[in-house]
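J.: Take this structure first; my questions come after.
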Amino acid sequence: MTPAHPDAASAPATAAPRGAAGAAPSLPEGFGRRADLLLAGTDADLARFHPGDAGARQPVHTCYVPADLVSEQTPAQWGEAASSAAEEAGGLAALAELAGIDAAAAPDLVARVGEKLRTEPVEDLRLDLEDGYGERPDAEEDADAVRAARTVAAFARNRATGAAPAPAFAGIRFKCFEAATRDRGLRTLDLFLSTLVRDGGLREAGISADGLPEGLVLTLPKVSAVEQVAVMVEACLALEDALGLPLGRLRFEIQMETPDMILGPDGTCPIPAMLRAAEGRVSALHYGTYDYSASLGISGRFQSLEHPTADHAKNVMQVAVAGTGVNLSDGSTNRLPVGDAAQRRETWALHSRLVRRSLERGFYQGWDLHAHQLPTRFLTNYAFYRDAFDDAARRLVAYAGRSVPGIETADVADEPATARALARYVVRGLLCGAVGEDELRATGLDPETVRAVANPGAAASSSTGDRSSPETGETP
């Protein structure tokens with residue numbers, strides 16, 4: 001923590017006068033000022049490192065695709081492939097039944113998910129230049145890094161104009177900063193960002209003042225030491241300076257794939273130190289299912305995002321980022337809904353169960369590796385946010401009208417922290433499109449009031465503005 005204010009030791013501690021009524025206060029007069037001085041550093045640290053959830057949109061998934069296989073048509077192609085696969089299985093209603101969604105709720109969900117697959121089938125697309133891409137000749141990876149930048153710029157133009165479905169968030173995963181791949185990872189990152197800013201055309205088109213799309217995401221994989229995060233920060237600073245970007249514009253995700261991120265050589269968890277070293281630049285922490293499992297010697301047959309070792313790692317991650325404003329993402333399942341009808345049905349049921357499991361454990365994002373996973377991703381997410389919507393809204397109405405929390409108007413005595421959790425659940429449902437603002441108003445709640453309860457420290461502007469903005473989270 002930051003040291004106490006230097007004047008704290010000399011702060012006054014004289015006796016306080018007798019109170020106007022009752023016994024005289026016992027603390028010396030001016031003790032509150034002394035407490036302020038003693039805790040000034042702590043207050044500053046809490047404000048800086050634990051700002052809380054800003055209330056901005058978090059994508060429900062990240063889709064990983066090798067960079068050389070991505071074009072600006074990829075999101076639409078994935079949406080079409082997902083819809084076709086669902087139709088072959090009997091339609092989205094059949095998949096909703098497979099996912100265990102209540103039949104009464106299914107028609108509305110099916111309509112919402114059908115529209116989602118047409119308009120925004122991919123929320124977050126990561127053009128992969130790491131494991132999914134593999135080792136290539138330098139000239140080939142150079143060309144694909146440049147092409148990736150132009151594709152991400154095309155996504156931003158399509159999203160701004162409505163010319164084609166495009167993700168709200170997009171970017172690259174480059175190679176890690178271990179010795180063998182460090183130079184290649186830095187070069188790929190440099191080429192991608194330099195091309196995006198200088199040749200992407202977003203500034204000229206009036207889409208971006210700095211040449212970068214609003215929903216840009218950079219993923220740093222296989223982090224094992226605080227020093228690797230510090231190098232990423234230096235790289236961001238150097239690139240911001242070279243490209244004329246505002247200080248702090250470049251942020252990045254950290255992929256948690258190594259046991260060193262859970263337990264460091266000194267016996268502590270290094271994640272908090274990594275977040276401090278990042279100086280506010282870390283946007284999310286992603287769990288890497290298979291690298292992490294393999295690093296612990298888990299046999300391939302049993303590697304899963306629900307293995308006990310995975311749960312332990314994710315529990316540590318969850319505690320480490322609590323209150324920091326850093327998002328969490330669960331990993332992927334490599335069981336894909338392809339092949340014959342029976343195999344597809346079995347794998348869709350598994351995917352839906354895993355998505356629901358993650359949501360119930362507070363991981364509101366996960367990875368999808370194949371277009372056929374999109375129907376169950378969205379059906380399960382929408383069902384999750386609609387299942388308890390009525391109850392959450394009822395409790396929030398009662399909470400807002402209480403004189404003593406929960407005593408007079410509700411059958412559940414919700415405290416302020418629980419009210420915030422209820423409100424955040426409702427807001428996430430709004431942001432991902434599972435529920436509409438008209439439905440919220442019909443319960444007697446104002447959307448802005450609910451947002452204020454969910455994120456009392458967030459600026460009001462974080463949840464208003466253009467509906468296409470990934471920061472507002474309003475989906476088409």
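The values are calculated or read from the model by the stated rules, or taken from the named source; none is laboratory data. As the structure is a prediction and not an experimental result, all values here were calculated from the model. Neighbour counts run over all protein chains shown; Cβ positions are idealised from the backbone, glycine included. The accessibility values were calculated without ligands, DNA or RNA, using every heavy atom of the protein model including side chains. Shrake-Rupley method; radii C 1.70, N 1.55, O 1.52, S 1.80 Å.
J.: Collect the residues in the stretch 124-177 that are among the hydroxyl-bearing types (Ser, Thr, Tyr) and over 17 Å from Val217 (Cβ atoms), keeping them in residue-number order.
T.: Selection gives Thr161 alone.
J.: Within the stretch 421-476, work out how many residues are in a loop (DSSP other than H, G, I, E, B) and either open to solvent by less than 60 Å² (accessible area, probe 1.4 Å) or at pLDDT below 90 (or both).
T.: 24
J.: Could you say whether any residue in the stretch 175-197 is under 27 Å from Glu80 (Cα atoms) and outside any strand (DSSP E or B)? Give the steps one after another, and end with the answer.
T.: Applying the first criterion (under 27 Å from Glu80 (Cα atoms)) to the stretch 175-197 yields none.
Checking the stretch 175-197: not a single residue is under 27 Å from Glu80 (Cα atoms) and outside any strand (DSSP E or B).
J.: With respect to Gly211, is the statement that it is touching a Lys or Arg at 6+ places or on another chain (Cβ under 8 Å), open to solvent by less than 20 Å² (accessible area, probe 1.4 Å) and closer than 22 Å to Thr62 by Cβ true?
T.: No, not satisfied.
J.: Right, another one. Just wondering, is there one or more residues in the stretch 264-283 that are within 21 Å of Ala179 (Cβ to Cβ), surrounded by fewer than 22 Cβ atoms within 10 Å (Cβ to Cβ), touching a residue at least 24 places away in the same chain (Cβ under 8 Å) and among the hydroxyl-bearing types (Ser, Thr, Tyr)?
T.: Checked against the condition, which is being within 21 Å of Ala179 (Cβ to Cβ), surrounded by fewer than 22 Cβ atoms within 10 Å (Cβ to Cβ), touching a residue at least 24 places away in the same chain (Cβ under 8 Å) and among the hydroxyl-bearing types (Ser, Thr, Tyr), the stretch 264-283 yields no hits at all.
J.: Then there's this: Scan the stretch 240-262 for residues that are of a type outside the set (A, V, I, L, M, F, W, C) and at negative phi and jot them down.
T.: Of everything in the stretch 240-262, those that are of a type outside the set (A, V, I, L, M, F, W, C) and at negative phi turn out to be Glu240, Asp241, Pro246, Arg249, Arg251, Glu253, Gln255, Glu257, Thr258, Pro259, Asp260.
J.: Sticking with this one: Give all pairs with beta carbons closer than 6 Å in which a residue from the stretch 176-195 that is over 13 Å from Glu130 (Cβ atoms) meets a residue that is crowded, with 21+ Cβ neighbours inside 10 Å; count only pairs at least 6 apart in sequence or on separate chains.
T.: If the second residue must be crowded, with 21+ Cβ neighbours inside 10 Å, the pairs left are Leu191/Ala145; Thr195/Ala149.
J.: List the pairs whose first member sits in the stretch 346-362 and is aromatic (Phe, Trp, Tyr), whose second member is buried (at least 16 other Cβ atoms within 10 Å of the Cβ), and whose Cβ atoms are under 7 Å apart, counting only residues at least 6 apart or on separate chains?
T.: Listed by first residue and then by second, the contacts come to Trp348/Leu95; Trp348/Leu98; Trp348/Pro337; Trp348/Thr376.
J.: Could I ask something else about it? Would you confirm, using the coordinates I've provided, whether Leu69 is open to solvent by less than 60 Å² (accessible area, probe 1.4 Å), over 19 Å from the mean Cα position of the chain (by Cα) and farther than 30 Å from Ala417 by Cβ?
T.: Judged against the criteria, Leu69 is not a match.
J.: Give all pairs with beta carbons closer than 7 Å in which a residue from the stretch 222-244 that is closer than 17 Å to Leu212 by Cβ meets a residue that is of a type in the set (D, E, K, R) and open to solvent by less than 20 Å² (accessible area, probe 1.4 Å); count only pairs at least 6 apart in sequence or on separate chains.
T.: Cys236/Arg281
Condition check ((1) open to solvent by less than 10 Å² (accessible area, probe 1.4 Å); (2) touching a strand residue (DSSP E or B) at 6+ places or on another chain (Cβ under 7 Å); (3) in a loop (DSSP other than H, G, I, E, B)) across all residues:
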{"position": "Thr42", "(1), (2), (3)": "no, no, no"}
{"position": "Leu46", "(1), (2), (3)": "no, no, no"}
{"position": "Gln77", "(1), (2), (3)": "no, no, no"}
{"position": "Glu80", "(1), (2), (3)": "no, no, no"}
{"position": "Ala103", "(1), (2), (3)": "no, no, yes"}
{"position": "Pro107", "(1), (2), (3)": "no, no, no"}
{"position": "Pro121", "(1), (2), (3)": "yes, no, yes"}
{"position": "Asp131", "(1), (2), (3)": "no, no, yes"}
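J.: Sort through Ser358, Ser332 and tell me the only one that's outside any helix (DSSP H, G or I) and open to solvent by less than 50 Å² (accessible area, probe 1.4 Å).
T.: Of the residues listed, the single one that is outside any helix (DSSP H, G or I) and open to solvent by less than 50 Å² (accessible area, probe 1.4 Å) is Ser332.
J.: Every residue in the stretch 165-174 that is within 21 Å of Ser283 (Cβ to Cβ) and in a loop (DSSP other than H, G, I, E, B), please.
T.: Taking the stretch 165-174 first, the residues within 21 Å of Ser283 (Cβ to Cβ) are 166-174.
The answer is Ala166, Pro167, Ala168, Phe174.
J.: Scan Leu98, Leu92 and give me the residue that is modelled with pLDDT under 95, crowded, with 16+ Cβ neighbours inside 10 Å, over 24 Å from the mean Cα position of the chain (by Cα) and of a type in the set (A, V, I, L, M).
T.: Step by step, each of Leu98, Leu92 is checked, and only Leu98 is modelled with pLDDT under 95, crowded, with 16+ Cβ neighbours inside 10 Å, over 24 Å from the mean Cα position of the chain (by Cα) and of a type in the set (A, V, I, L, M).
J.: How many of the residues in the stretch 260-318 are over 17 Å from Ala225 (Cβ atoms) and part of a loop (DSSP other than H, G, I, E, B)?
T.: So the count comes out to 10.
J.: Moving on to the next point. Going through the stretch 284-298 one residue at a time, which ones are β-branched (Val, Ile, Thr) and surrounded by fewer than 21 Cβ atoms within 10 Å (Cβ to Cβ)?
T.: Kept after step one, since they are β-branched (Val, Ile, Thr), are these residues of the stretch 284-298: 289, 298.
Of everything in the stretch 284-298, just one residue is β-branched (Val, Ile, Thr) and surrounded by fewer than 21 Cβ atoms within 10 Å (Cβ to Cβ), namely Ile298.
J.: Looking at Glu257, is it surrounded by fewer than 18 Cβ atoms within 10 Å (Cβ to Cβ), acidic (Asp, Glu) and under 23 Å from Ala179 (Cα atoms)?
T.: It is false that Glu257 is surrounded by fewer than 18 Cβ atoms within 10 Å (Cβ to Cβ), acidic (Asp, Glu) and under 23 Å from Ala179 (Cα atoms).
J.: Just checking, does the stretch 392-399 include any residue being open to solvent by less than 10 Å² (accessible area, probe 1.4 Å) and within 16 Å of the chain's Cα centre (by Cα)?
T.: Checked the stretch 392-399: no residue is open to solvent by less than 10 Å² (accessible area, probe 1.4 Å) and within 16 Å of the chain's Cα centre (by Cα).
J.: Considering each residue of the stretch 299-313, count those that are farther than 13 Å from Ser358 by Cα and open to solvent by 30 Å² or more (accessible area, probe 1.4 Å), and give that number.
T.: Number satisfying all stated conditions: 8.
J.: Assuming Ser352 fulfils every condition listed in (1) open to solvent by less than 10 Å² (accessible area, probe 1.4 Å); (2) polar (S, T, N, Q); (3) under 18 Å from Ala421 (Cβ atoms) apart from one, which condition is it?
T.: All conditions are met except number (3).
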